[in-house]
Each structure stands twice: as C-alpha cells, then as structure tokens.
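Comments concern the structure below.
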Amino acid sequence: MSEVTIKDKTFKTFIPEADLLCRVKEVANQISRDFEGKNPLLLAVLNGSFIFAADLMRYITIPCEISFVKLASYQGIASTGEIKEVIGLNEDITNRAVIIVEDIVDTGATMKRMIEKLGTRSPASLDICTLLLKPGKLKAPLNIKYVAMEIPNDFIVGYGLDYDQLGRNLRDIYTIVEE
C-alpha cells in the first residue's frame, strides 16, 4: 500500500480509484433507472463532493442537471458541529426531483439540515446520494437512498475529500495512519 503525507499526518491507500469508479457507475445506473423519464437536479455539496458529482453525472444515462451548494462543518480532522451555509441554492426546485450529492455522511447533521431547508421549497422528491457512509457515526435519522460505499469511522482524504483543504486531488481514498 502506498502512503502519502499531508501536513503532519500520514495516510495509506484505503480505496483504489478503480473500486471507487466501479461503485459510482453502479449508483449512477440505479439513479438512471429510478428517474427514467424525469430530469432530476443533482445538488452537489461543495467542496468535497465535486469529483464524485462530476463522475456520477458522467455515468448517469438520463437527462439531468446539476447545481452546487456549499456548507461547511469540518475544521482539520473533526467536525465543528456547526454548519455554516456559504453559498446558497439559486434554482427553483418546486416540483423538481432533487438528489443531494454528498461526499461523505458521518453524523448526518449536514444532511438533516439540508433536507429541512430544501423541504420548505416544495420539491417533488428529495433523495440523498453519498459516496461514503459511516454508519457507526450516524446520529440523525436519514433515509439515504444511494450509498456507493460504507466505511468505518476512520478519517480519510482523496477523491475530493480533504485534510485542511489538501489531498482533494488524490485519485484514491486514503485513511489516516495512527501513530
């Protein structure tokens, strides 16, 4: 396994890019089947989901649109517990099929807030699609319809996920090496 060092932390390969892309394609196929005849709006949560959202959209075989919202709840390697909206949604989602695209769901606090906020805008449907789910950390009751992979509670970087804004460009996903 290869290792990378980012700032003061060492990480080792956890999920190779080929495995990620295989799972992303499977999720895209499921979305394409479920939303056949519709034009869903993918609502990607920045910054972490941008690579996943791009790959997902390229694999979806039905017409779809994409927009972005930015929420922040992480600082360093731990959640701050505070969620601050930085960039809001400008599209009208009334009677639209909306799929929130997230890089990782751990406690579920971000998704819970997103669902509550978007629900007031009268979408036809509102689904969650996440690249990674940490079921061991999930605290909020969420119906996550599309999950590419479940992972343990380790801190990870790569494929859009970061450690203090670094490591997003890594093609594989890496897990932290405990010292």
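The values are calculated or read from the model by the stated rules, or taken from the named source; none is laboratory data. These figures come from a predicted structure and were not determined experimentally. All Cβ positions, glycine included, derive from the backbone under ideal geometry; neighbour counts span all protein chains shown. Note: accessible area is taken over every heavy atom of the protein model, side chains too, but ligands, DNA and RNA are not part of it. Shrake-Rupley method; radii C 1.70, N 1.55, O 1.52, S 1.80 Å.
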On Cα atoms only, tilt of 50-59 relative to the major axis of the chain in degrees: 50
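Where the accessible area of region 18-149 is counted over protein heavy atoms with a 1.4 Å probe, how much of it, in %, is carbon and sulfur?
On the way: 3130 of 6320 Å².
The computed percentage sits at 50.
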Which listed pairs, of Lys7/Lys117; Lys38/Lys139; Lys25/Lys134, have C-alpha distances above 30 Å, in listed order: Lys7/Lys117; Lys38/Lys139
Accessible area per residue in Å² at 1.4 Å probe, computed on the chain: 50
Protection-proxy order for peptides 104-112, 30-38, each taking the mean of Cβ atoms within 10 Å per residue, highest first: 104-112, 30-38
Label-point separation in nm, Ser2 to Gln165, each point 7 Å along Cα→Cβ: 2.5
Cα long-axis angle, helix 17-34 against the chain (0 to 90 degrees, to the nearest 10): 10
Hz values of 3J(HN,Hα) by residue in region 110-121 - Karplus curve (6.51, -1.76, 1.60), Gly and Pro given as x: 5, 5, 4, 5, 4, 4, 4, 5, 6, x, 6, 9
5 angstrom amide H check on Ser49, placed H, neighbours 5+ away: Asp103
J(HN,Hα) series, region 162-176, from Karplus relation 6.51 cos²θ - 1.76 cosθ + 1.60, nearest Hz, glycine and proline x: 10, 10, 6, 6, 10, x, 4, 7, 5, 6, 9, 9, 10, 10, 5
